[in-house]
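As structure tokens, the structure follows; a few thoughts come after it.
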Amino acid sequence: MSLTFRENNNIGFIEFDQEGSKVNLLTTAALQELDKILDTLAGKSSLNAVVIVSKKKDVFIAGADIREIEGITRPEDGARKSRAGQDILNKLEDLNVPTIALIDGVALGGGCELALACQYRLATFNEKVRIGLPEVNLGIFPAFGGTYRLPRLIGLPDGLTMILTGKPVDANKALRLGLVDRLAPQNGLDHHLNTFIADIRQGRVTSDKYARRKPKGLPAFLETSIFGQWLIFRQSVGSVLKNTKGFYPAPLKAIATIKKNFYLDRTRGLDTEARSFGELAVTAVSKNLIHVFYISEQYRKLNVEGIAPKPIKKCGILGAGVMGGGIAQLLSYSNIRVRLKDINYEALALGLRSAAKLYRDAVKKRRMKPYEAVVKMDKITTTLDYSGFANTDIIIEAVVENMEVKRKVFRELSAAVGPRAILATNTSALSVTEIAKETKDPSKVIGLHFFNPVHKMPLVEIITTAQTSQETLATTVAFAKRLGKTPIVVKDSCGFLVNRVLLGYINEAGRLLEEGLPAGRQGHSIVAIDKIMTDFGMPMGPFTLTDEVGLDVGGKVLHILEDGLGERFKAVETFEKVCAQGFLGKKSGKGFYLYKGKRVPNPEILPGHSGLCSDKTESLRRMLYVMINEAARCLEEQIVDAPGAIDVGMIFGAGFPAFRGGLLRYADSVGIPQIVGELGRLRDKFQAKRFEPAAYLLMLRNEKKKFYQ
Amino acid sequence: MHRVAIIDGIRTPFCKMGTEFRDLNAQELGRIATRELLERTGVDPRQIDEVIFGNVGQPADAANIARVIALLSGIPKTVPAYTVHRNCASGIEAAVQAAMKIQLGQGDCYIAGGTESMSNIPFYFSKELQDILTHLGRAKTLPQKLQTLIRLRPAYLKPRVGLEMGLTDPVCGLIMGSTAEVLAKEFGITREEQDAFALESHLRALRGQAILREEIVPIIPPPKYKLAIEHDNGPREGQTIEALQKLKPYFDRRSGTVTVGNSSQITDGAAALLITSEQKAKELNLKPLGFIKAYAFAGVEPHRMGIGPAHAIPRVLKKAGMRLKDIQAVEINEAFAAQVLACLKALESPAFEKESRYEGYCGAIDRNILNVNGGAIALGHPVGTTGARLILTMLKHMNRHNLNTGLVSLCVGGGQGAAVVLER
């Protein structure tokens, strides 16, 4: 039993306490138990109030059971599930005693909808309180009446925002929105609850079923007039399309549903919700997003079993360039003291400038108070020598990508730091094992590869050598998580994971350009190739990405890959030529595109005319399958331990579209035999070894397996 | 009593008011010096018993600025902090507070320093305007509001300059420069003597620029974070006696001798010192720069405030059990050339020695051991900071030249003198 009912002083308490779990989930079983309790309550109108509480620490109800949603295969099943929940919550809403959700922690998804079905919501000052409807992240929307009740309760604009972004709010924001009626301290909660109930009974808390907040002025006009509402819906569609490029059906469907049920009575409104939900729940996008949710949760919570990470209070950073400066900002943002070292003040100034800019923008966008920006920025100090390094807990090296320089730096570091310090390198492709040879204690050396821009990209690759100790790994993993990043652990090898998989794709795009993919309506092959990938769902095309990263940087990594992995990574001539012409990408104003005024393709880069490739589908396959093939080799070489690491890496490190479920999940959906067959065909057509299917792929095909079983 | 060791110190460059540091407030300057001191000494912040800072223009947005500095610098929140104000001797007062606490056994590890951002000393509303604004806030109806506003006169909008108010003695009514004029007249100090002294300060400061780097943490100042400021910007390259002589007297236009050229500069800067008991220094394996041997303060007439050092020096020597001849290096803060010269004359005068009952503790100070790397006329005088800066500069000088004794002294607005004897 996960629900119990008890009465105390004429107040009924429905207590959620799911067995064998740290959190409560609104499972079908739990809902049925709730249903039974509500049936017995129907006859107890003498109660002063019914309070729904959780017995879990910091959790009210964390949401529905995702497995149940994952299991929906027919729209009717989805709609039925939705209706079943709706009916029970309606029963709760229709009780004729005051009902109160006492929220002392996370109330998400179904948990939030349950609270919405209560007449009143009392939250605590607990900083863990998070209330929201994150369903869109799973490719669905709230279907226990959430789309019906929330916009009515807190107003159309805020209601839409919460449902469409899926972002939960904290207790203070919830109070401001009218999502909760009052906040109470955790200490002496019983007393505050009793006061709240007394106030309700004496009519001192607004009891309007919906619309707790009374807007005034222009917002009121917008929210209450049909025209205003039409405008709000229209704007929402616009901003959703801008953010999702139409690849994600859930938010659009949510808008369409709310646009209907906002004007319907409860029965018909909820029916609309249930039917739309059923249709969404069976989409491939939803299944893919659920898959991504599972694997990203898995890596977000990664830890090294049995080993306690060491605390990290102070970090030294070597090199104040784009990466070093970005890392310094990220660390200071996470309240870690930073000693930033470079070889001259101009470099240090650049690092400080980029960090200060991020803080200034955050203040401007009101994501941070001015004083917070000062306190955080103050955590960065600069130096030209190794003073202040002796008592650091970790050093992150982000100097130029040159083995000789890195060797020298690690030799110096090894002498400058204390014995407990972890020495991490942010190299994107150089051998960590080689670098570690220069130190007194290679067990303390590890790779910590951030992606640019550091504050935005959620992934870090943690690279271990054969000597890296488990304690070093555990501490670094914990450190990455503390910075809000999702870590994947990669064995030291040429190019690690993300760059290795990604660079093959970029290079393939270069080949397509050399072969002269017909530009069609795009006017230039560069744009045409980029468009193939953005149409697939990548946030930007391969050439735009290369311009962002810098052609010199990309070229350098390609050379390292070619040296380590062979000729399939030999940079196409176009890259070498363009780089030699000084077109380095966005930073130099010119790359594959020109960046003065409106972005246009660089007219000095001419596509080839071989006519080998004229087909968009084949081009897309070449770019994707090269990646899949390389990813298979990485699994074969056991560079990562699971396909999940590759999908997490490609989604969060390279922007591979989440709605496709990740690179290898996508491969599974295409079918391994199809991919192997196509690779074979491409190998024969182009006489190119790079399309030779990896042994791992052949093994999967022969054993009739998939990447994910 | 425990012996008081000064382990190390660091200061920011000193920049003239309104120049490179105008966007760094006093707490930021103090934070930079304090944090760098922690970084360079490597001392565990948990070892620190208290943080004490001197500050004169105490900013409204950083009440108890020492506490603000301590927290921004990463000193644990469990470590208390307080701010001291003895006008121009605030920085020395902070160090003396630490010394006294160590001597009493109250604690054995302190950060003491001074900070001042004279660029950020605010302008004030006139009293009349303040009254009107207060009334306006309380007025409820529109007629009431209008009635209040109608009292407004253009003259009320004239701001009162905080810096000027701070530099004016409320008891004798003189601005600091005028007190220097009083001494110049009393001691017969000529314009030529003052200008020569000022020129020497600039020359010595320029010569000492490389040496002073030892005590300076370079700063890349916000909001632009463009250039690193590595040196004090007060010392003027190519300063000539002719240029100094051309300046008009600032405080007494007709018969005066004190000019902006022979007065200290108005400057931003901060300094921080790590002060421990000798025992604690041994425990932490820290090598002290030197020790505080004695300290003394003296009161004088407010309108003669610049004579303060002439009284504080004999007193501190007496406490230290030393004579002037035992002192190997001297720093007397150059608030005004006239005032330093007056002090030197007074100390040399047998009549002064006798009248003040300082027998045996007065005498001539060799100009070759006085302010050898320049003083506030060239380097600037961030009022709350200077005391700490003088101790730091002196200790570094003593270490460089292997000297055993040093004397630091300054005059204090309001009519005081402060002095500290340092030893190695």
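For segment A:347-373, a residue qualifies if it is farther than 22 Å from B:Asp61 by Cβ, small (Gly, Ala, Ser) and within 8 Å of chain B (Cβ to nearest Cβ), and exactly one does: A:Ala349. Checked against the criterion of being within 10 Å of chain A (Cβ to nearest Cβ) and in a helix (DSSP H, G or I), the candidates B:Arg46, B:Arg31, B:Arg67 yield just one match: B:Arg31.
Counting only strands (runs of 3 or more DSSP E) that sit completely within segment A:374-440, those holding 1 or more residues that are more than 14 Å from chain B (Cβ to nearest Cβ) correspond to A:394-397, A:422-425. Scanning segment B:249-284 for residues that are at pLDDT 95 or above, over 26 Å from the mean Cα position of the chain (by Cα) and part of a loop (DSSP other than H, G, I, E, B) yields a total of 1.
This table checks each residue for (1) under 27 Å from A:Asp170 (Cβ atoms); (2) part of a loop (DSSP other than H, G, I, E, B); (3) over 28 Å from the mean Cα position of the chain (by Cα); (4) not hydrophobic (A, V, I, L, M, F, W, C).
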{"position": "A:Thr4", "(1), (2), (3), (4)": "no, no, yes, yes"}
{"position": "A:Glu7", "(1), (2), (3), (4)": "no, no, yes, yes"}
{"position": "A:Phe13", "(1), (2), (3), (4)": "yes, no, yes, no"}
{"position": "A:Ala29", "(1), (2), (3), (4)": "no, no, yes, no"}
{"position": "A:Glu33", "(1), (2), (3), (4)": "no, no, yes, yes"}
{"position": "A:Leu38", "(1), (2), (3), (4)": "no, no, yes, no"}
{"position": "A:Lys44", "(1), (2), (3), (4)": "no, yes, yes, yes"}
{"position": "A:Lys57", "(1), (2), (3), (4)": "yes, yes, no, yes"}
{"position": "A:Glu68", "(1), (2), (3), (4)": "no, no, no, yes"}
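Contact map, segment A:660-673: first residue under 17 Å from A:Leu502 (Cα atoms) and touching a residue at least 60 places away in the same chain (Cβ under 8 Å), second residue in a helix (DSSP H, G or I) and among the acidic types (Asp, Glu), Cβ cut-off under 7 Å, separation 6 or more or different chains; pairs are A:Gly662/A:Asp647; A:Leu663/A:Asp647; A:Arg665/A:Asp647.
Reported count of residues in segment B:1-28, each being aliphatic (A, V, I, L, M) and within 12 Å of chain A (Cβ to nearest Cβ), is 2. Quick one: in segment A:542-590, which of the residues that are in contact with a Leu (Cβ under 6 Å, 6 or more places away or on another chain) and part of a loop (DSSP other than H, G, I, E, B) is nearest to A:Glu508 (Cα to Cα)? Selected residue: A:Ala571. Is it the case, given these coordinates, that A:Ile312 is surrounded by fewer than 17 Cβ atoms within 10 Å (Cβ to Cβ) and either away from every other protein chain (no Cβ under 13 Å) or not in a helix (DSSP H, G or I) (or both)? It is false that A:Ile312 is surrounded by fewer than 17 Cβ atoms within 10 Å (Cβ to Cβ) and either away from every other protein chain (no Cβ under 13 Å) or not in a helix (DSSP H, G or I) (or both).
Every condition in (1) in contact with a Lys or Arg (Cβ under 6 Å, 6 or more places away or on another chain); (2) facing chain A (nearest Cβ under 10 Å) is met by B:Asp61 except one, and the failing one is (1). Entry remark, segment B:203-235: residues being in contact with a Pro (Cβ under 6 Å, 6 or more places away or on another chain), within 17 Å of B:Pro382 (Cα to Cα) and away from chain A (no Cβ under 14 Å) number 2 in total. The set of residues from segment A:111-166 being closer than 16 Å to A:Ala62 by Cβ and surrounded by fewer than 24 Cβ atoms within 10 Å (Cβ to Cβ) comprises A:Asn126, A:Lys128, A:Pro134, A:Asn137, A:Gly166. Annotation note: Cβ proximity below 6 Å between a residue of segment A:261-282 that is assigned by TED's automatic domain parsing to the domain that holds A:Asp87 and charged (D, E, K, R) and a residue that is surrounded by 22 or more Cβ atoms within 10 Å (Cβ to Cβ) and not in a helix (DSSP H, G or I) (sequence gap 6+ or interchain) occurs for A:Glu273/A:Ala143.
Looking only at residues in segment A:645-689 that are within 26 Å of the chain's Cα centre (by Cα) and β-branched (Val, Ile, Thr), which one is farthest from A:Ala632 (Cα to Cα)?
A:Ile651
Counting only residues that are acidic (Asp, Glu), without any contact (Cβ under 8 Å) to a residue 24 or more places away in the chain and part of a helix (DSSP H, G or I), segment A:674-708 holds 1 of them. Only one of the numbered conditions (1) within 14 Å of another protein chain (Cβ to nearest Cβ); (2) buried (at least 21 other Cβ atoms within 10 Å of the Cβ) is not met by B:Val258, and that is (1). Restricting segment A:305-325 to residues that are aliphatic (A, V, I, L, M) and in contact with a strand residue (DSSP E or B) (Cβ under 9 Å, 6 or more places away or on another chain), which is nearest to A:Ala64 (Cα to Cα)? Only one residue fits best here, namely A:Ile312. Segment B:321-424 holds helices (runs of 4 or more DSSP H) entirely within its bounds, and those carrying 3 or more residues that are more than 19 Å from B:Asp232 (Cα to Cα) map to B:337-348, B:350-355, B:386-400. Considering only segment B:137-175, how many residues are more than 32 Å from the chain's Cα centre (by Cα), assigned to a helix (DSSP H, G or I) and surrounded by 14 or more Cβ atoms within 10 Å (Cβ to Cβ)? Residues that pass the stated criteria total 3.
Selection of segment A:495-513 for residues being in contact with a Phe, Trp or Tyr (Cβ under 9 Å, 6 or more places away or on another chain) and either under 19 Å from A:Arg300 (Cβ atoms) or outside any helix (DSSP H, G or I) (or both) yields A:Gly495, A:Val498.
The values are calculated or read from the model by the stated rules, or taken from the named source; none is laboratory data. Bear in mind that the values here come from a model prediction, so they are computed numbers and not experimental data. We place every Cβ from the backbone using ideal geometry, glycine too, and count neighbours over all the protein chains shown.
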